[in-house]
Amino acid sequence: MEANFLTTVFLPLALFIIMLGMGLSLTLEDFQRVVIYPQAVVIGLVAQLIMLPIVGFGIASVFPLEPQLAVGVMILAACPGGATSNMMTFLAGGDVALSVTLTAISSLITVFTIPLVVNFSMQTFLGSGTTLQLPFLNTVLQIAVITLIPVSIGMIAKRYAPGMADKADKPVKWLSLFFLAVVITGVLLRERENFIDYVMNVGLVTLVLNLVTMALGFAIATLTQLGEKRATAITVEVGIQNGTLAICFAAALRYRDRIFPDITE
């Protein structure tokens, strides 16, 4: 299966279905919780949308990464949380409602912040002389199509056809996992000769990014006395991003602009 078919068809489709599944589990009350406990929501969003990219930039600058990989780290750091962070918060005994709220709101905000962060990181790591720039409006629209639209469809179904939404919830999740598994398997098979090198190059960096941001998120939540459950939710939300969105965005960028020829050619 050709890499460009995986990245241009299967990966966006997997992300669309995943975000649809997220929408099927969301209600307007999830967004209204910002009024109920604004301090926790604001602290969580600041940690995720401001602290995380700053830490990512610092780590990408300190480690001797190739410019393309440094941009990849920044793409990951710019992405919101996802359904996985909600599940992990539940398993860790955290405040699931807060986790869902942070995921929902950050998914809206990052539609606009991802292009800004990525453009800045490309200018920084690829050099000021690079001609590569993401068109802001077009990029916002593209991200919205594969994130906000399916979430909205899911929420509308949940609101006006709750029975159907509940029945579709589990099949949609399994379907999204299937498409994601196809993409990951295809990419791993294609890149099997380079996989170990990739792990050696960025494995430690992503681990450090994960540990540092989670530690900082927990410290901030603890210092502001949010309580154990909310601190757990913020810690997980900061440490686990929507990897599917990051992969989709990076893969589309590689294919269109060929800034990662070792992956796409």
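The values are calculated or read from the model by the stated rules, or taken from the named source; none is laboratory data. Everything quoted here is computed from the prediction, not taken from an experiment. Heads up, the Cβs are rebuilt from the backbone with ideal geometry, glycines too, and the neighbour counts pull from every protein chain shown.
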Task: helices (runs of 4 or more DSSP H) enclosed by region 22-130 - at least 3 residues per element that are surrounded by fewer than 24 Cβ atoms within 10 Å (Cβ to Cβ) and modelled with pLDDT of 80 or more - done: 38-46, 52-62, 67-78, 96-125
Task: Scan of region 188-207 for residues that are touching a residue at least 12 places away in the same chain (Cβ under 8 Å), among the aliphatic types (A, V, I, L, M) and surrounded by fewer than 15 Cβ atoms within 10 Å (Cβ to Cβ), ordered by number - done: Leu204
Task: Residue list for region 159-177, restricted to those being of a type in the set (A, V, I, L, M, F, W, C), free of Cβ contacts under 8 Å to residues at least 60 places away in the same chain and either part of a helix (DSSP H, G or I) or surrounded by 13 or more Cβ atoms within 10 Å (Cβ to Cβ) (or both) - done: Met164, Trp174, Leu177
